[in-house]
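The values are calculated or read from the model by the stated rules, or taken from the named source; none is laboratory data. Please read these numbers as outputs of a predicted model, since none were measured by experiment. Don't worry about glycine lacking a Cβ; one is built from the backbone with ideal geometry, like all the others, and counts go over all protein chains shown. Ligands, DNA and RNA are stripped out before the accessible areas are found, and what is left, the full protein with its side chains, is counted by its heavy atoms. Shrake-Rupley method; radii C 1.70, N 1.55, O 1.52, S 1.80 Å.
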Amino acid sequence: MFEDVYMKTKITEMLGIKYPILCGGLYGLSDANLVSSVCNAGGLAFISSSDLGDKELLREEIQKTKQLTSNPFGVNISLLAETKNNLSHDYIDVIIEEHIPVVETSGNNPAEYIKRLKAENIKVLHKVVTARHAIKAEEAGADAIILVGYSAGGHPGMEEVGLFVNLPETVRSVNIPVIAAGGICSGEGLACSLIMGAEGILMGTAFAATQESLFHDNIKNKILQSKSTDTVVVFKSVRNAFRCYKNNLTQKIIELEKNNASPQELFSYLKGFDAKKSYMEGDADNILVPMGQAAGLIDRIPTCRELIDNIISQYDSIVLNH
Ligand SMILES: Cc1cc2nc3c(=O)[nH]c(=O)nc-3n(C[C@H](O)[C@H](O)[C@H](O)COP(=O)(O)O)c2cc1C
């Protein structure tokens, strides 16, 4: 009862979920098991499509997820990957055919895709790193904004603006609901985000550090041992900022970037990189492991349900005590 009152936001209403807690698309990790676990615990997660490379594999993952949960779930379409594999429209065919209610777009202007999705009444949550991009996404017809601050794992943007500034700036700039992301892993993060005008939170690193995540225990242990300063942003020289765990490979890449290495040379380190396989093998010191600064706050590997329940009870006690 208590949670029903406190947890009703524009995002829980829009998506028909219990808690305003989302798991962003996680390349190589957001499979049927992780996604259904988040949804069964009252949140919502997105199957990662860009690592699948084939629309029928997306259909398979969607059908597996439907076997594991009767709650709503979504699909992430990375428009950054679009430049590489041109598959977004194929994925959207499957999303429509499978009656997926919500899509998370990221990495580039979603306007072309929003038209098709909106025609089918599918909600579009677009991920941005600045208020400027949020305004554009709203103009293109997005239903909500996922605003990512610079602490985030994965692509935190080139602008280096932290969530405490970025979030209220974005909330003031658009009329559609804003979901806060980047550095959140606790009830404190949820409470602050809602107070600052967000209608929900989205997390990546915290869900990557759950029991259901495919990350090998070596990588999960690195997250447990990490301080907030143990991540680094690589590929800024090619305007593709990418925050990950600081290791031998990132040191090599940073060195190359200092020496003005060409994009070809830099990206050669990713050639043939099979994220899922590498994450499951767990050579954490020699692969790129997307990881946000929130790793510094993570001190256990819970199930998705425990993570969400803990966030809610922490949030409840914060709200009761203030
Ligand atoms: C392991 C990992 C993989 C990710 N893969 C993707 C992806 O494929 N597409 C995407 O839009 N965001 C991706 N992200 C970003 C997350 O969806 C989310 O925006 C971000 O992690 C939020 O910040 P946090 O890590 O501080 O929680 C990834 C993040 C991590 C940690």
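Restricting attention to region 213-227, does a residue exist that is β-branched (Val, Ile, Thr) and modelled with pLDDT under 95? No, region 213-227 contains no residue that is β-branched (Val, Ile, Thr) and modelled with pLDDT under 95. Number of residues in region 136-159 that are more than 24 Å from Arg243 (Cβ to Cβ) and either of a type in the set (S, T, N, Q) or out of contact with any strand residue (DSSP E or B) (no Cβ under 9 Å at 6 or more places or on another chain) (or both): the value is 1. Of the listed requirements (1) open to solvent by 30 Å² or more (accessible area, probe 1.4 Å); (2) more than 14 Å from the ligand (Cβ to nearest atom); (3) under 22 Å from Gly200 (Cβ atoms); (4) charged (D, E, K, R), Asp93 misses just one: (3). For Glu160, the test of being of a type in the set (Asp, Glu), part of a helix (DSSP H, G or I), more than 14 Å from the ligand (Cβ to nearest atom) and more than 12 Å from the chain's Cα centre (by Cα) is failed. Listed by position, the helices (runs of 4 or more DSSP H) inside region 68-119 whose residues that are without any contact (Cβ under 8 Å) to a residue 40 or more places away in the chain, in the same structural domain as Leu34 (by TED's automatic domain parsing) and of a type in the set (Lys, Arg) number at least 1 are 79-85, 111-119. Take the conditions (1) under 22 Å from Met14 (Cβ atoms); (2) buried (at least 18 other Cβ atoms within 10 Å of the Cβ); Asn40 misses just one of them, which is (2). The set of residues in region 190-218 that are within 9 Å of the ligand (Cβ to nearest atom) and either within 17 Å of Pro20 (Cα to Cα) or not small (Gly, Ala, Ser) (or both) comprises Ile201, Leu202, Met203, Gly204, Thr205, Ala206, Phe207, Phe215. Scanning region 54-64 for residues that are part of a loop (DSSP other than H, G, I, E, B), within 16 Å of Ile100 (Cα to Cα) and of a type in the set (S, T, N, Q) turns up nothing.
When region 115-142 is filtered for residues that are under 21 Å from Ser50 (Cβ atoms) and open to solvent by less than 40 Å² (accessible area, probe 1.4 Å), the ones remaining, listed by number, are Leu117, Ile122, Val124, Leu125, His126, Val128, Val129, Ala137, Ala140, Ala142. Evaluate region 265-279: report whether one residue or more is at pLDDT 95 or above, touching a strand residue (DSSP E or B) at 6+ places or on another chain (Cβ under 7 Å) and open to solvent by less than 80 Å² (accessible area, probe 1.4 Å). No: zero hits.
For region 263-280, how many residues meet the condition of being among the basic types (Lys, Arg) and assigned to a loop (DSSP other than H, G, I, E, B)? Of the residues in that region, 1 qualify. Each residue in region 281-309 was checked for being away from the ligand (no atom under 12 Å from the Cβ), open to solvent by 10 Å² or more (accessible area, probe 1.4 Å), closer than 16 Å to Thr205 by Cα and not in a loop (DSSP other than H, G, I, E, B), and 2 of them qualify.
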